[in-house]
Amino acid sequence: MSLPAAELARAERAHYRLHCALYLPERRDLAGVSLFASPTIPDPEWNHAALVDVDAAAWPARLAEIRRFFERRGRPATVAVSPFSRPADLAARLAGAGFAPSFRHRWFFGRDDDAPEASAAVEIVDGEERMSAFVDVFEAVFAEDPEPGYARALWRSWRHATVVHYLARVDGRPAGVASALHARGACGLYNLAVLPSRRRRGLGTALTARRLADARRRGDRLVFLQTEPGAVARRQRRNGLAPGFETVGWTALE
């Protein structure tokens, strides 16, 4: 599958639109750049400038505004750079201004061919008991990198009309989770997590297959996810997704 650049760029905009309503409550739009911040999650992945489309001559002034915005919130200035960012040499400009890469996301997109068959039962989270199990699994998977603010955001999100959370079980016990966010014909796949003791049983594939199937039933024309490079990224091809592009977050050094 090869999506046109305009569709890839639309996915990037949809990602921030979906997240802004739920996990990134503070957004400020400047000319040619949007600033996103979370009061409870300090990580640069949740506090950065994105969707940068600025003329080269205007960039120094815009960068000064970005720095001030994050300094007032006690966060390091961070800028997400994608293939659609302008100036075209934005990454080099940031490196020259004392920024360094802090996160890297690879984007994948739903293909038109068949998704993999689910090898495990997946249920939709439709009540507090299942949502509690969802959060328990998520926090257990990321216990070495706890982020209480994100857990609270998950709890806030499950009643939201654009969000669907999923839960997979092994022997009746919660073992894997995932989420899908829907808006304006786009679907973002997020929060895939499987307990280490329950991996290699097809749960990740089942959770992805269910979300892809549900997105198609809803009529979503654009389905995407982003993940860090590595083994997880390599598995996305087997999960019915094709690679798209990469985003790199650049954070100001102390």
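Brief remarks on what is shown
- For Ala11, net neighbour charge (Lys/Arg +1, Asp/Glu -1) across residues whose Cβ lies under 12 Å away: +2
- Shape call, region 110-244: gyration tensor on alpha carbons, a/c limit 1.5: rounded
- The phi torsions of region 180-193, fed into the Karplus equation with coefficients 6.51, -1.76 and 1.60 and a -60° offset, translate into couplings of 9, 10, 10, 5, 6, x, 10, 9, x, 9, 9, 6, 5, 8 Hz, rounded to whole numbers, with Gly and Pro shown as x.
- Coarse-grained scattering of the chain at q = 0.09 Å⁻¹, given as base-10 log I(q)/I(0) from a Debye sum over alpha-carbon atoms: -0.40
- As a ratio to 2.2 N^0.38 Å, the alpha-carbon radius of gyration computed for region 163-228 takes the value 1.13.
- Net charge of neighbours whose Cβ lies under 9 Å from the Cβ of Pro87, counting Lys and Arg as +1 and Asp and Glu as -1: 0
- Net charge of Cβ neighbours under 10 Å - reference Ile124; Lys, Arg +1; Asp, Glu -1: -1
- Amide hydrogen proximity for Val81: with H placed 1.01 Å from N in the peptide plane, the residues at 5 or more positions away or on another chain lying under 5 Å are Val248, Gly249, Trp250.
- Reported to the nearest whole Å, the Cα centre-to-centre distance from region 157-174 to region 60-89 is 35.
- Packing-based ranking, highest mean first, of 218-225, 67-74 given that Cβ atoms within 10 Å are counted: 218-225, 67-74
A short reminder: the numbers here are calculations on the coordinates, not readings from a lab. Note that the structure is a prediction, hence the values are computed from the model and not measured. Positions of Cβ are backbone-derived with ideal geometry, glycine not excepted, and every protein chain shown enters the neighbour counts.
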